[in-house]
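Asks: Here it is: the structure, laid out below.
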Amino acid sequence: MGRQDEITAERLKKLKELRDKGIDPYPQKFERKDTAADLQSKYKKLKNEGKDKYKATIAGRLMSFRDLGKIAFGVVQDATGKIQVVIEEKETPEKIKDFAKKYVDVGDFIGVEGPIFRTQRGELSVVVKDITLLSKSILPLPDKWHGLEDKEERYRKRYLDLVMDPKVKEVFLKREKIIDVVRGLLKEKEFVEVETPLLQAVYGGASATPFTTHLNALDIDLFLSISPELYLKRLIVGGFDRVFTICKNFRNEGIDFQHNPEFTMMEYYSAYDNYEFHIEFTEELFKRLLKELNMTAMIGYRGKQISLEPPFKKITFRDLIMDKAGIDIDKANTFDKLKSEIVKKKIANINLKEATHYGSLLDELYKRIARPSIIQPTFLTHYPVEMIALAKRNEKDKTKINSVQLIIDGAEILKAYDELNDPIDQEDRLKEQQKLLQSGAGEAMPYDDDFITALKYGMPPTAGYGMGIDRLTMLLTGQDSIRDVVLFPFMKPQEKKEDHGRPHHKK
């Protein structure tokens, strides 16, 4: 029997003894009156004035316990922080002292009542006059000095990660603040928050491979949303001027430090605006985020110093490819011409076999050669039309679209563009996408007849915008991986011997 098994057996024995004594180890409620943070703030200037002047009733998880005989020290952690509890021979009733030392273990949730004071070392503490066991911990916590050192284990057992490392919780509290700031600015600009379907009969709005599922009630296959775009545009058709949603998207693509199969996006659509609105909104948003998060514009991120001080640099897609690859895409304007230039210049790392059309080859060249070189915040504008099937062509150059993308440290933070509202052009481009899909281009979009019908009723000039909340949070919290900013990132299931009767999906 291993040490953990011995501890578990010992705690199960205690659990039985408690129940035999008529003590419920998992009571219904506890009337907590104080939190650790409140007490630390309220009695910040408290000196050792005696133990009867101030009293507290706290509750939380016991994180450590040191029994020195006549005195014992414990640390209780709640959602706001930590506070010390003290069992003293002369102050703590004998019955309470015996109960605590016999039945309470590190990891248990407890309620403690008693006066507060400062120790000789200045530690604000609660003298244990009464103790209530609120939840008996059967499994022991990880060693407090090492915590969860294995990253895979941290992600799989996020609950323990949060218990053992307060800094992890701070990241997710900051994530909430980031979302609040984004939502607040949109509300100020009179955007209406809406919801769109996550289960869709026809997916669309992005170049991505979807997840499929099956609806038993109607015996039909459905897709998990890869983007809310086409539904948000339907709302613009329906008469909303400004709409946004903060939602989950699901894409059946690779998993790495920037990609999780499900991720959080904010998308908005603003009638009567164009891509220049996106640039103004983004720079205003970053100013607001720096202020509300109390951050300086210069941050350290993945070993680099990055300035988030607007205005940000701007460069066209053509100029970027020219600079990084030495190829003029206005001349290499077909699949064969571009492929020939890539081969001629011996550009490595380009997957020529998987790129099946001009747009996908451009994307491959951009992602492999150009995008990784962009470190400081940069707006990349005017994509070739073949790369985004839902965007409006530029007024002067019909081979380009009015698009803008913010790149920071080689990562796409947002993508936005003027939305295509010409139903005939959109119909032709989606039909072309459908042909590519049928020919094996897995990330091409299917034809959406209802969406085309909606456009034929008329949609005003509209600017559309999508921002990755996870990547934005990575940047603003200094995290290296998307898994560090998603509470429960996807992890490959661990093999288990037992089958608990979970149904398996049948194709």
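The values are calculated or read from the model by the stated rules, or taken from the named source; none is laboratory data. In this text the structure is predicted, and so the values were computed from the model without any measurement. Note that we place each Cβ from the backbone using ideal geometry, even for glycine, and neighbour counts take in every protein chain shown.
Asks: Within the stretch 393-415, does at least one residue satisfy the condition of being under 24 Å from the mean Cα position of the chain (by Cα), crowded, with 22+ Cβ neighbours inside 10 Å and small (Gly, Ala, Ser)?
Replies: no
Asks: Please list, ordered by residue number, the strands (runs of 3 or more DSSP E) wholly in the stretch 212-256 having 1 or more residues that are in the same structural domain as Pro446 (by TED's automatic domain parsing) and among the charged types (D, E, K, R).
Replies: Working: elements: 212-215, 220-224, 242-250.
Correct list: 220-224, 242-250.
Asks: Next question, about the same structure. I want to confirm something. Restricting to the stretch 270-301 and keeping residues that are among the β-branched types (Val, Ile, Thr) and in contact (Cβ under 8 Å) with a residue 40 or more places away in the chain, which single residue is farthest from Ile407 (Cα to Cα)? If you could, list the steps in order and put the result at the bottom.
Replies: Taking the stretch 270-301 and keeping what is among the β-branched types (Val, Ile, Thr), we get 279, 282, 296, 299.
Subsequent filtering for residues that are in contact (Cβ under 8 Å) with a residue 40 or more places away in the chain retains 279, 282, 299.
Numbers: Ile279: 12, Thr282: 12, Ile299: 16 Å.
Once the filter is applied, the top-ranked residue is Ile299.
Asks: Would you check which residues across the stretch 194-204 are in contact with a helix residue (DSSP H, G or I) (Cβ under 7 Å, 6 or more places away or on another chain) and either more than 23 Å from Gly239 (Cβ to Cβ) or not small (Gly, Ala, Ser) (or both) and list them?
Replies: Taking the stretch 194-204 first, the residues in contact with a helix residue (DSSP H, G or I) (Cβ under 7 Å, 6 or more places away or on another chain) are 194, 196-197, 204.
Answer for the stretch 194-204, where residues must be in contact with a helix residue (DSSP H, G or I) (Cβ under 7 Å, 6 or more places away or on another chain) and either more than 23 Å from Gly239 (Cβ to Cβ) or not small (Gly, Ala, Ser) (or both): Val194, Thr196, Pro197.
Asks: Condition first: in a strand (DSSP E or B) and acidic (Asp, Glu). Now tell me which residues in the stretch 407-417 satisfy that. Lay out the reasoning, then the answer.
Replies: Narrowing the stretch 407-417 to residues in a strand (DSSP E or B): 407-408, 411-417.
The answer is Glu412, and nothing else.
Asks: Right, something else. Filter the stretch 285-340 down to the residues that are of a type in the set (Gly, Ala, Ser) and not in a strand (DSSP E or B) and list them by number. Spell out the reasoning first.
Replies: Initial filter on the stretch 285-340 (of a type in the set (Gly, Ala, Ser)): 297, 300, 303, 307, 325-326, 332, 340.
Once the filter is applied, which keeps residues that are of a type in the set (Gly, Ala, Ser) and not in a strand (DSSP E or B), the stretch 285-340 yields Ala297, Gly303, Ala325, Gly326, Ala332, Ser340.
Asks: Also, I was wondering about something else. Just a yes or no: is a residue in the stretch 204-223 modelled with pLDDT of 95 or more, within 12 Å of Gly464 (Cα to Cα) and hydroxyl-bearing (Ser, Thr, Tyr)?
Replies: No.
Asks: If I ask for residues that are in a loop (DSSP other than H, G, I, E, B) and among the charged types (D, E, K, R), which ones from the stretch 178-210 would you list? Show your work before the answer.
Replies: To start, the set of residues in the stretch 178-210 that are in a loop (DSSP other than H, G, I, E, B) comprises 189-191, 194-198, 201-210.
Hits for the stretch 178-210 are Lys189, Glu190, Glu195.
Asks: Could you identify the single residue in Leu472, Leu437 that is surrounded by 19 or more Cβ atoms within 10 Å (Cβ to Cβ), more than 12 Å from Lys233 (Cβ to Cβ) and out of contact with any Asp or Glu (no Cβ under 6 Å at 6 or more places or on another chain)? Lay out the reasoning, then the answer.
Replies: Numbers: Leu437 fails: surrounded by 19 or more Cβ atoms within 10 Å (Cβ to Cβ).
One residue alone meets the criteria, Leu472.
Asks: Return the residues of the stretch 351-392 that are under 26 Å from the mean Cα position of the chain (by Cα) and among the basic types (Lys, Arg); say none if nothing qualifies.
Replies: Of everything in the stretch 351-392, those that are under 26 Å from the mean Cα position of the chain (by Cα) and among the basic types (Lys, Arg) turn out to be Lys367, Arg368, Arg371.
Asks: Please tell me if Lys396 is free of Cβ contacts under 8 Å to residues at least 40 places away in the same chain, basic (Lys, Arg), farther than 28 Å from Lys353 by Cα and in contact with a helix residue (DSSP H, G or I) (Cβ under 7 Å, 6 or more places away or on another chain). Can you show your working first?
Replies: Numbers: free of Cβ contacts under 8 Å to residues at least 40 places away in the same chain: yes; basic (Lys, Arg): yes; farther than 28 Å from Lys353 by Cα: yes; in contact with a helix residue (DSSP H, G or I) (Cβ under 7 Å, 6 or more places away or on another chain): no.
For Lys396, the condition - free of Cβ contacts under 8 Å to residues at least 40 places away in the same chain, basic (Lys, Arg), farther than 28 Å from Lys353 by Cα and in contact with a helix residue (DSSP H, G or I) (Cβ under 7 Å, 6 or more places away or on another chain) - is not met.
Asks: Do the conditions hold for Arg183, that is, is it crowded, with 17+ Cβ neighbours inside 10 Å and either aliphatic (A, V, I, L, M) or touching an Asp or Glu at 6+ places or on another chain (Cβ under 8 Å) (or both)? Talk me through it step by step, then tell me what you get.
Replies: Details: crowded, with 17+ Cβ neighbours inside 10 Å: no; either aliphatic (A, V, I, L, M) or touching an Asp or Glu at 6+ places or on another chain (Cβ under 8 Å) (or both): yes.
For Arg183, the condition - crowded, with 17+ Cβ neighbours inside 10 Å and either aliphatic (A, V, I, L, M) or touching an Asp or Glu at 6+ places or on another chain (Cβ under 8 Å) (or both) - is not met.
Asks: Can you pull out every residue in the stretch 373-396 that is part of a loop (DSSP other than H, G, I, E, B) and either within 21 Å of Tyr269 (Cα to Cα) or modelled with pLDDT of 95 or more (or both)?
Replies: Here is the first cut: in the stretch 373-396, the residues part of a loop (DSSP other than H, G, I, E, B) are 374-377, 382-383, 388-390, 392, 394-396.
Once the filter is applied, which keeps residues that are part of a loop (DSSP other than H, G, I, E, B) and either within 21 Å of Tyr269 (Cα to Cα) or modelled with pLDDT of 95 or more (or both), the stretch 373-396 yields Ile374, Ile375, Gln376, Pro377, His382, Tyr383, Ile388, Ala389, Leu390, Lys392, Asn394, Glu395.
Asks: Go over the candidates Leu308, Leu338, Leu320 one by one and state the one that is in contact with a Phe, Trp or Tyr (Cβ under 7 Å, 6 or more places away or on another chain), touching a residue at least 60 places away in the same chain (Cβ under 8 Å) and aliphatic (A, V, I, L, M).
Replies: Numbers: Leu338 fails: touching a residue at least 60 places away in the same chain (Cβ under 8 Å); Leu320 fails: in contact with a Phe, Trp or Tyr (Cβ under 7 Å, 6 or more places away or on another chain).
Exactly one residue qualifies, and that residue is Leu308.
Asks: Residues in the stretch 348-372 that are free of Cβ contacts under 8 Å to residues at least 24 places away in the same chain and part of a loop (DSSP other than H, G, I, E, B): how many?
Replies: Our first condition is that a residue be free of Cβ contacts under 8 Å to residues at least 24 places away in the same chain; within the stretch 348-372, this holds for 348-355, 364, 367-368.
Among the residues that remain, those that are also part of a loop (DSSP other than H, G, I, E, B) are: 348-355.
Residues in the stretch 348-372 being free of Cβ contacts under 8 Å to residues at least 24 places away in the same chain and part of a loop (DSSP other than H, G, I, E, B): 8 in total.
Asks: Starting from the stretch 82-99, take each residue that is under 13 Å from Phe117 (Cβ atoms) and list its partners that are of a type in the set (Phe, Trp, Tyr), counting only C-beta distances under 6 angstrom and pairs at least six apart or across chains.
Replies: Close Cβ pairs satisfying both conditions: Val86/Phe73.
Asks: Going by what's in this entry, would Thr132 be described as in a strand (DSSP E or B) and either over 22 Å from Tyr417 (Cα atoms) or under 21 Å from the mean Cα position of the chain (by Cα) (or both)?
Replies: Values: in a strand (DSSP E or B): yes; either over 22 Å from Tyr417 (Cα atoms) or under 21 Å from the mean Cα position of the chain (by Cα) (or both): yes.
Answer is yes for this residue.
Asks: Out of (1) at pLDDT below 95; (2) surrounded by 18 or more Cβ atoms within 10 Å (Cβ to Cβ); (3) closer than 21 Å to Glu292 by Cα, the odd one out for Lys167 is which?
Replies: With (1) at pLDDT below 95; (2) surrounded by 18 or more Cβ atoms within 10 Å (Cβ to Cβ); (3) closer than 21 Å to Glu292 by Cα applied to Lys167, the lone miss is (2).
Asks: Sticking with this one: Do we have any residue at all in the stretch 228-246 that's crowded, with 18+ Cβ neighbours inside 10 Å, in contact with a Phe, Trp or Tyr (Cβ under 6 Å, 6 or more places away or on another chain) and farther than 22 Å from Lys187 by Cα?
Replies: no
Asks: Let me ask you something else. Mind listing whichever residues of the stretch 275-292 are of a type in the set (A, V, I, L, M) and touching a Ser or Thr at 6+ places or on another chain (Cβ under 9 Å)?
Replies: Residues of the stretch 275-292 of a type in the set (A, V, I, L, M): 279, 285, 289-290.
Of everything in the stretch 275-292, those that are of a type in the set (A, V, I, L, M) and touching a Ser or Thr at 6+ places or on another chain (Cβ under 9 Å) turn out to be Ile279, Leu290.
Asks: Could you tell me which of the residues Gly107, Gly114, Gly81 is buried (at least 16 other Cβ atoms within 10 Å of the Cβ), closer than 23 Å to Arg19 by Cβ, at pLDDT 95 or above and assigned by TED's automatic domain parsing to the domain that holds Arg66?
Replies: Working: Gly114 fails: closer than 23 Å to Arg19 by Cβ; Gly81 fails: closer than 23 Å to Arg19 by Cβ.
The unique qualifying residue is Gly107.
Asks: Condition first: over 17 Å from Asp78 (Cα atoms) and either assigned to a helix (DSSP H, G or I) or in contact (Cβ under 8 Å) with a residue 60 or more places away in the chain (or both). Now tell me which residues in the stretch 148-165 satisfy that.
Replies: Passing the criteria: Lys151, Glu152, Glu153, Arg154, Tyr155, Arg156.
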